[in-house]
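Here's the structure, in structure tokens; my notes come after.
Taken together, the values in this text are just the output of simple stated rules run on the coordinates, not laboratory data. Bear in mind that the values here come from a model prediction, so they are computed numbers and not experimental data. No Cβ is skipped: glycine too gets one built from the backbone with ideal geometry, and neighbour counts run over all protein chains shown.
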Amino acid sequence: MRTSFKYNFLFINILWLLVITPVLSQQGISEAEQKEEELMELREKIDQYEEQLSHSRAEAETASRLIANMDREIDVATSYLSSLQRQIRLKSRQIDNRRKEIDDLTEEINKLKKIIKKRVVSYYKFGKRHDYRLLFSSESWRQIRVWLKYQKMIAENDQRNYSALVEKKEKLEREQDQLSRDISQRKRALSSHQRETIRLKSSRTKREKYLKSLQKDTDYLRQHIQELQAAQNEIRSAIKRSEDRRIIREKSKQEEPEHIIKRRPSKDYDFASLRGRMEWPVQGRIISHFGTHKHPTLKTVTENLGVEIKAAHGSSVKSVDAGQVQTITWQRGRGNIVIIAHDHGFYTVYTHLAEIQVNVMQIVSAGQVIGTVGDSGSLQGAMLHFQIWKNTENINPEHWLR
């Protein structure tokens, strides 16, 4: 009787699973992914810079400040678009994987349905009559016990199949629900990307027109030189801080943390050996050399502590050697800046970056992409400003590049 009751219970539930069409569960919208929160923060920053830009116009602030705000807006918008692109690629992969998972689950569910349906039909068509005939014709209690054990095994197997079917259907509903959310998130990201692309193009056009009108403005040019000097002072200070820390470590004979040692790229040479054979940080040509220059408009003498390499906007910028990122900052006149520490007190500096693809204290390998070429702070379009330092003294990169 207990076995018969178990079959009846299973029969009712199995019929429900086989007949009723699956309905997606109504779950609440999950929390935004961490990357989406980052994008929202970037959006807020863009809005802030737009507000500052509008405020600058209202109060007739200096042209230099206005351009700086435009540069910062463009840099943040570029990072925002890059984050959106990564999110779209991630969501697309998730959608493809989830669709495959749904297809596999559906196939497994259909197989289980066929097995269960066959068992149910067989039992109710032949099972009861055959089982009762076997029971009443049994000549010993031993046969009856064997028969009951057999029936119990069948019931338990049916129960396992039923439980597996329920579990897979619930998982399928969750996967279908998540797929709908992923598709919606990707659509929102694509829509945002399209809007931001149009907006960024407009910002670039606006900046170019304004810069063109300032090419002969001596007040603006003087202000720009001051900004370059301020940015250079910040670079020098950042390198000095890093060098001071390095000297202290060496004097105290403190070894690097074990996790840093494990992550540092292995190499059988030191930075000094790269002189004259160093790979270029970006593909391009030098348009401003190391050393002193006479300004064509102001006729004043300025000093270039590195080289300007003309390159296509968005070109990949690579670390010239293995090292550790020491500083990431943004300065008027130079835009995004990355400083990398190498062995034996060598440092390299990369400025005018449109996008930064590394983090502070990150270990990088030789040739690793650290960012892309931009034009923030530049009066000559997209380019990379590149410097090499030994301890706290800057040296001519042209003697090092191959």
Between F346 and residues 5 or more places away or on another chain, which pairs have amide H atoms under 5 Å apart, with H built 1.01 Å from N, and which residues are they? N391
I'd like the FRET efficiency for T302 and T106, computed as 1/(1 + (r/R0)^6) with the beta carbon distance as r and R0 of 51 Å, rounded to 0.05. 0.15
Please compute the Cα-Cα pair-distance distribution of segment 225-399 with 10 Å bins starting at 0, giving whole percents from short to long. 10, 39, 36, 12, 2, 0
Which order do the peptides 101-110, 387-396, 329-338 take when ranked by the mean count of other beta-carbon atoms within 10 Å per residue, highest first? 329-338, 387-396, 101-110
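Just to be sure I follow the rule: in segment 225-399, considering lysines 8 or more places apart or on different chains, how many pairs have Cα atoms under 18 Å apart?
4
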Any chance you could check the Cα centroid distance between segment 375-402 and segment 297-311 for me, in angstrom? 10 Å
